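Novice: Before anything else, here's the structure in question.
The values are calculated or read from the model by the stated rules, or taken from the named source; none is laboratory data. If you're wondering where the values come from, they're calculated on a predicted model, not measured in any experiment. Cβ coordinates were reconstructed from backbone atoms using ideal geometry, including for glycine residues, and neighbour counts include every protein chain displayed.
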Amino acid sequence: MRGFILTLFATSLIALGFWAYRENYRTQAELAEVRSLRIEIGELKESLSVLNAEWAYLNRPDRLRALADLNFERLGLLPLAPEQFGDVAQISYPATEMPSLEPITDPISTVAALEKTP
């Protein structure tokens with residue numbers, strides 16, 4: 001009986017050691033993947049900031065104005081003026097009327113009545 005318990009204990013110890021060994025390498029692999037993902041995120045953030053800087057550079061008002069002047073004959077672009085915008089009163093809304101709704105006089109009892117219905 002004593003030999004069986006010692007054999008069981010030794011087998012359990014070997015199994016736990018093998019499990020700890022595997023978990024250690026699995027954890028190291030996951031940490032390496034996290035490091036590589038963080039590096040990739042940093043590179044993507046850097047490229048995004050470069051793209052934002054390029055976008056801001058290409059959309060400078062003086063550059064766009066020069067391009068509009070250069071291509072005026074082909075595009076016919078004019079500068080914006082306040083007269084080009086309309087008033088709110090000029091907006092046409094649909095002619096359908098909203099149905100009249102009854103006022104809610106006792107909302108708590110209405111909710112309680114709805115909860116009681118099967």
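Novice: Taking the condition loosely packed, with under 10 Cβ neighbours inside 10 Å and either in contact with a Ser or Thr (Cβ under 9 Å, 6 or more places away or on another chain) or not small (Gly, Ala, Ser) (or both), does Glu83 pass?
Specialist: Yes.
Novice: Quick one: in segment 74-99, of everything that is part of a loop (DSSP other than H, G, I, E, B) and among the charged types (D, E, K, R), which residue is farthest from Pro61 (Cα to Cα)?
Specialist: This residue is Glu97.
Novice: While we're here: Keeping to segment 91-113, report how many residues are modelled with pLDDT under 65 and small (Gly, Ala, Ser).
Specialist: 3
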